[in-house]
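Taking it in order: structure first as structure tokens, then the write-up.
No lab work stands behind these numbers, since they all come straight from the coordinates. Computed from a predicted structure; not experimentally measured. Counting neighbours? That spans all protein chains shown, and the Cβs are built from the backbone with ideal geometry, glycine included.
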Amino acid sequence: MNTDLYGKMLKEKGDIVIVAVGGNDITSTSQPKEIVRRITEIVNDISRNGCEHVYITEILTRGNFSKCPGLQKLVFDRQRIKINKCLAKIFKNNLLKFPDIKFPADYAKDLVHLESRTPGNNGTLGSSCISARKGGHNPATMCVFGVPY
């Protein structure tokens, strides 16, 4: 886990935190239940830290497994689907799904990350913190981080 990014996320204490869950821990021998357990720990840490609303994203498919020897798309997708089903049961309405994202059309050239439509973002989406207005009056912070679990 990137402890610098995780510490920054906890320090920001946003009213809303969206944890962009990726598939980096899925390997040919990983256990979906263990990955779900670790994601749940992250969400619980953020909640205990005072965040009012924690959302997580579903794990999206990918098409490049060069950094994970022995992993193939079929195995990755089977585990990803199991993990997403478990996350949906646990987090219900706090799981963000992206039914309109299409593979490979919406992906960067690496076939792992989503393509950014924002100029100057190196073609992939990353971590960001933005200010938002809660109820139109009080400033709120929404932190969006891709956190390796």
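Pulled fully out, how much extra length does the chain show between residue 102 and residue 72, if you take 0.36 nm times their separation in residues and subtract their Cα-Cα distance? Present the calculation step by step, with values, prior to reporting the outcome.
Numbers: separation 30, 0.36 × 30 = 10.80 nm, distance 1.90 nm.
Going from the current span to full extension adds 8.9 nm.
When 114, 74, 96 are sorted by how many other C-beta atoms sit within 10 angstrom of their C-beta, beginning with the fewest, the order is 74, 96, 114. Taking 7 Å steps out from each Cα toward its Cβ at residue 85 and residue 47 produces label points 2.3 nm apart.
Order the peptides 53-65, 34-46 from the highest to the lowest mean number of other Cβ atoms within 10 Å of their residues. Write down the numbers at each step before the final one.
Values: 53-65: 18.5, 34-46: 16.8.
For the peptides 53-65, 34-46, the packing ranking is 53-65, 34-46.
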